[in-house]
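Written below as structure tokens is the structure these notes are about.
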Amino acid sequence: MDTEKNNHSTDKNKLADIIEMAKFYLLNKKYAQALKLFRQALTLDPDNAEIYYHLGLTLEYKNQMDEAKKMYQEALRLKPQHTAAREHLNKLVGIKDE
């Protein structure tokens, strides 16, 4: 049982490390690297609204608005109260309506 608990803890640490590195790449405008790591993080935690939100941000910065919109929608499906995802989605929808 302790081994299982340690493995789970290790997975959470690995996930946190991947997300932090992906955020670092995002902040430094290294979008391809950020996308790769955020997608890797999704394989470890596919129901994490924050990962979808950050994928949306990265795609938005890459001017891939349709894909970004999908990521924000998924973040909101998982966490309807995610204010930042809602704001970015509304902005994208506004862009499309103009």
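Just the C-alpha atoms of the stretch 21-62: what Rg/Rh do they give, with Rh taken as the Kirkwood radius? Provide the component values of the computation, followed by the final result.
On the way: Rg = 9.1 Å, Rh = 9.8 Å.
We get a ratio of 0.93 for the stretch 21-62.
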Per the Kirkwood formula over distinct C-alpha pairs, the hydrodynamic radius of the chain in angstrom is 13.9
Diffing the stretch 81-88: the Karplus 3J(HN,Hα) column from phi (6.51, -1.76, 1.60, θ = phi - 60°), in whole Hz with x for Gly and Pro, holds 8, 6, 4, 5, 4, 4, 4, 5
Ranking Gln81, Gln40, Ala22 by how far each Cα lies towards the positive end of the charge dipole of the chain (+1 on Lys and Arg Cβ, -1 on Asp and Glu Cβ), the top one is Ala22
Going through Lys12/Lys69; Lys23/Lys79; Lys30/Lys79; Lys29/Lys79; Lys12/Lys91; Lys14/Lys62 one by one, the pairs whose alpha carbons sit over 22 Å apart turn out to be Lys12/Lys69; Lys30/Lys79; Lys29/Lys79; Lys12/Lys91; Lys14/Lys62
For the chain, longest principal axis from Cα atoms; helix 49-61 axis from its Cα atoms; angle between them, nearest 10 degrees, is 50
A correct Karplus calculation of ³J(HN,Hα) over the stretch 24-35, with 6.51 cos²θ - 1.76 cosθ + 1.60, θ = phi - 60°, whole Hz and x for Gly and Pro, returns 4, 4, 4, 4, 9, 6, 9, 5, 4, 5, 4, 4
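Order these by the 10 Å Cβ neighbour count, fewest first: Leu35, Leu27.
Leu27, Leu35
If you place +1 on the Cβ of every Lys and Arg, -1 on the Cβ of every Asp and Glu, and leave all else neutral, what size is the dipole of the stretch 26-98 about its Cα centre, to the nearest 20 Debye? Numbers along the way, then the final one.
On the way: 12 positive and 10 negative charges, 42 e Å.
That gives a dipole near 200 debye.
Any read-out appearing in this document is the output of simple, stated calculations on the displayed coordinates, not a laboratory observation. Here the structure is a predicted model, which means the values were calculated and not measured. Virtual Cβ from ideal backbone geometry, glycine too; neighbours counted across all protein chains shown.
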